[in-house]
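K.L.:
Got a structure for you, written out below as structure tokens; questions coming shortly.
The values are calculated or read from the model by the stated rules, or taken from the named source; none is laboratory data. Bear in mind the structure is a predicted one, so any value in this text is a computation, not a measurement. Reconstructed Cβ throughout: ideal geometry from the backbone, glycine too, with neighbour counts over all protein chains shown.
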Amino acid sequence: MDNLFYDNLKLVKFIYKKYFSNFSSMKDELIQEGNISLWKIIPKYDESKGEFSTFAGTVIRNKMKNCIRKEINYRKHLISDSELYNGDFIDDYFQEVEKDEDKPNVGHIYKTIVNGLGDSKQKIINDWSNCQNTYKVAEKNSVSRQYVCKVVNVFKNVFKDEYEKNL
């Protein structure tokens, strides 16, 4: 069992680098999650069902995805419910969030702008802010991807302007 674990530690780092390297602020957490997953799945492995690395790779990748989803939900909760500020929070939920009482309430600005939109645009922005890509948002809302991009870009510009006014 120990040999199987130690022989596959590089698999965890490989999966991180291949699929999740853009989440550098979560690197240690994701690798730790992968290592724990690797350790837990060894007893569940059945040799008759194929290579261990294939089985382990799928489980590790899914555990890392879940870890990222939890972090996104946590960050969104912080942004909407307090005066936390991250200059690029719309584009990247994973940058470090700084607490600064002199900064405007980002969650309030976000809600104000979204509430001023029509229902269909509100739905597009809310779906997009839940970290769905523009293709999925377009499909879900039965609109073109170009329209989603236009709505999102207008929202970003308005958000930026409102934020700068409140500085």
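K.L.:
Given (1) modelled with pLDDT of 85 or more; (2) of a type in the set (S, T, N, Q); (3) surrounded by fewer than 17 Cβ atoms within 10 Å (Cβ to Cβ), identify the lone condition not met by N141.
P.N.:
(3)
K.L.:
Suppose the filter is more than 18 Å from the chain's Cα centre (by Cα) and within 24 Å of K65 (Cα to Cα); does K140 pass it?
P.N.:
In short, yes.
K.L.:
For the range 106-143, name all the residues that are among the polar types (S, T, N, Q) and either within 15 Å of F155 (Cα to Cα) or part of a helix (DSSP H, G or I) (or both).
P.N.:
Hits for the range 106-143 are T112, N115, S120, Q122, N126, S129, N130, T134, N141.
K.L.:
Looking for whichever is of a type outside the set (A, V, I, L, M) and within 13 Å of F5 (Cα to Cα) here; the options are K27, K40, K49, K65. Which one fits?
P.N.:
So the residue among K27, K40, K49, K65 that is of a type outside the set (A, V, I, L, M) and within 13 Å of F5 (Cα to Cα) is K40.
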